[in-house]
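Let me begin by presenting the structure, written as structure tokens, before commenting on it.
The values are calculated or read from the model by the stated rules, or taken from the named source; none is laboratory data. Everything numeric here is computed off the predicted structure, so don't read it as measured data. When we count neighbours, we look across all protein chains shown, and the Cβ atoms used for this are built from the backbone with ideal geometry, even at glycine.
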Amino acid sequence: MIRKFRQLSREVVDTNVIFQYCKDQVELPDGKVEEYIACIHKGASAVVPVLPDGRILMVHQYRYAISRETIEIPAGGRDGVEEPFETAARRELEEETGYTTDSPLEHLITIATAIAYCNEIIEVYVAKDLRRTSQHLDPDEFIDVEAFEINDLLEMIYAGKIQDSKTIASIMSYYGKYIAQKQ
């Protein structure tokens, strides 16, 4: 049985370009009141860019919070809650990889990234029929692009070389939906 929690109040403690940090007073199912912390996010999009030969474009970038370079699928936040997730996915694809597509993006999965404290949702798409344009990086982005075979990506996941949760979920989902079913 799902028990009801009821938000009594919300105090916005901080707001920045990524999220709002809030302290909520919440009535629990037993009537007690507790303080909950919530990060409110506008949502994000990610994309698995597949080249005609089946290789997948990945981005190498430094992530300050973990003090190292990562290998990830292209992704980024929506410009606002009104921006469609697919629009953000197309923008991030071209911005980070320098590739675009005129074909429809295929929705792959929806990921809730940190459900214990944040409402961020990432909608993940598959992009095919890619054509080269140019990167349009943000001033604070330094991204290299590399194409990988799916089996190499799976090996990097199992070896711990890829640890980003959205990338792992997306690559595994892509493999399950597009590769494993055909074998």
Does at least one position in the range 155-166 carry a residue that is in contact with a Lys or Arg (Cβ under 9 Å, 6 or more places away or on another chain), surrounded by fewer than 17 Cβ atoms within 10 Å (Cβ to Cβ), touching a residue at least 40 places away in the same chain (Cβ under 8 Å) and farther than 30 Å from Q20 by Cα? no
Being within 27 Å of P139 (Cβ to Cβ), hydrophobic (A, V, I, L, M, F, W, C) and free of Cβ contacts under 8 Å to residues at least 24 places away in the same chain narrows it down to one of A112, A65, so name that one. A65
Among the residues of the range 91-148, what is the count of those that are of a type in the set (D, E, K, R), out of contact with any Phe, Trp or Tyr (no Cβ under 9 Å at 6 or more places or on another chain) and outside any strand (DSSP E or B)? 11
With the requirement that a residue be farther than 20 Å from D53 by Cα, surrounded by 12 or more Cβ atoms within 10 Å (Cβ to Cβ) and touching a strand residue (DSSP E or B) at 6+ places or on another chain (Cβ under 9 Å), what does the range 115-143 give you? C118, N119, E120, I121, I122, E123, V124, Q135, E141, I143
Which numbered condition I40 fails, given (1) touching a Lys or Arg at 6+ places or on another chain (Cβ under 8 Å); (2) touching a residue at least 24 places away in the same chain (Cβ under 8 Å); (3) more than 16 Å from I171 (Cα to Cα); (4) in a strand (DSSP E or B): (1)
Tally, over the range 105-114, of residues that are closer than 19 Å to V50 by Cβ and within 11 Å of the chain's Cα centre (by Cα): 2
If you go through the range 142-162 one residue at a time, do you hit one that is under 18 Å from R91 (Cα atoms) and in contact with a helix residue (DSSP H, G or I) (Cβ under 8 Å, 6 or more places away or on another chain)? yes
Filter result (surrounded by 10 or more Cβ atoms within 10 Å (Cβ to Cβ) and in a loop (DSSP other than H, G, I, E, B)) within the range 1-29: F5, I18, L28, P29
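Residue-wise test of (1) more than 30 Å from R132 (Cβ to Cβ); (2) of a type in the set (F, W, Y); (3) free of Cβ contacts under 8 Å to residues at least 60 places away in the same chain.
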{"residue": "V12", "(1), (2), (3)": "yes, no, yes"}
{"residue": "V48", "(1), (2), (3)": "no, no, no"}
{"residue": "I71", "(1), (2), (3)": "no, no, no"}
{"residue": "T97", "(1), (2), (3)": "no, no, yes"}
{"residue": "P104", "(1), (2), (3)": "no, no, yes"}
Looking at the range 57-78 only, could you name the residues that are within 17 Å of E95 (Cβ to Cβ) and not in a strand (DSSP E or B)? I73, P74, R78
Only one of (1) of a type outside the set (D, E); (2) in contact (Cβ under 8 Å) with a residue 24 or more places away in the chain; (3) closer than 30 Å to Q135 by Cα; (4) not in a loop (DSSP other than H, G, I, E, B) is not met by G54, so which one is it? (4)
Under the condition of being among the hydrophobic types (A, V, I, L, M, F, W, C) and modelled with pLDDT of 95 or more, which residue from the range 6-36 is nearest to E123 (Cα to Cα)? C22
